[in-house]
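K.L.:
Could you have a look at this structure, given as structure tokens, before my questions?
The values are calculated or read from the model by the stated rules, or taken from the named source; none is laboratory data. These figures come from a predicted structure and were not determined experimentally. No Cβ is skipped: glycine too gets one built from the backbone with ideal geometry, and neighbour counts run over all protein chains shown.
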Amino acid sequence: MMRWLLLLLAGLALQANAQGGFYKWVDEKGVVHYSDKPPPGKAGGKMQVKPPPSPDKTQAAPRSRSWEEQLQDANERRFQEEKKQKETQQKAQEAEQKCLRARSALDSLKQERPLYRVDQQGERVFMEDEERRRLTDSWQQQADSNCR
């Protein structure tokens with residue numbers, strides 16, 4: 001529809017240009033007029049109308065996207081958003097688990113009772129104070145980075 005209107009206007013412009021062109025003038029009240037005839041008894045400026053560029057036959061007009069394509073794009077965006085939300089939730093859950101593990105280890109390390117681990121022979125090896133401080137610092141760093 002719009003294409004036909006443009007073609008009609010272009011045809012009228014070409015016809016008017018071939019017959020003498022368009023004229024523009026301002027009346028006593030300050031109203032601007034356009035016409036294909038010069039104003040009666042007044043000086044009006046003749047306008048040069050350039051014809052619209054001819055459409056290039058090799059270049060196809062941009063095709064509007066169908067509703068199926070728009071729906072597919074919307075679904076893809078929604079899928080990506082949901083995926084991002086799931087990843088964010090999963091990272092938050094992992095951080096929460098790391099936080100709980102670090103706090104539990106810190107609670108055990110801060111108690112005044114002796115701590116030990118079992119070696120390969122099945123014997124208890126008690127933790128020295130230096131090793132306890134080192135482990136406490138390590139677990140505290142993990143707690144600081146994962147607990148919010």
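K.L.:
Kindly evaluate residue 68 against the criterion of being at pLDDT 70 or above and either outside any loop (DSSP other than H, G, I, E, B) or touching a Ser or Thr at 6+ places or on another chain (Cβ under 6 Å) (or both).
P.N.:
yes
K.L.:
Let me ask you something else. Counting just the residues of segment 22-54 that are at pLDDT below 65 and small (Gly, Ala, Ser), which one comes out surrounded by the most Cβ atoms within 10 Å (Cβ to Cβ)?
P.N.:
Ranking the qualifying residues of segment 22-54, first place goes to 44.
K.L.:
Okay, next question. How about segment 109-148: which of its residues are of a type in the set (S, T, N, Q) and surrounded by 13 or more Cβ atoms within 10 Å (Cβ to Cβ)?
P.N.:
136, 138, 140, 142, 146
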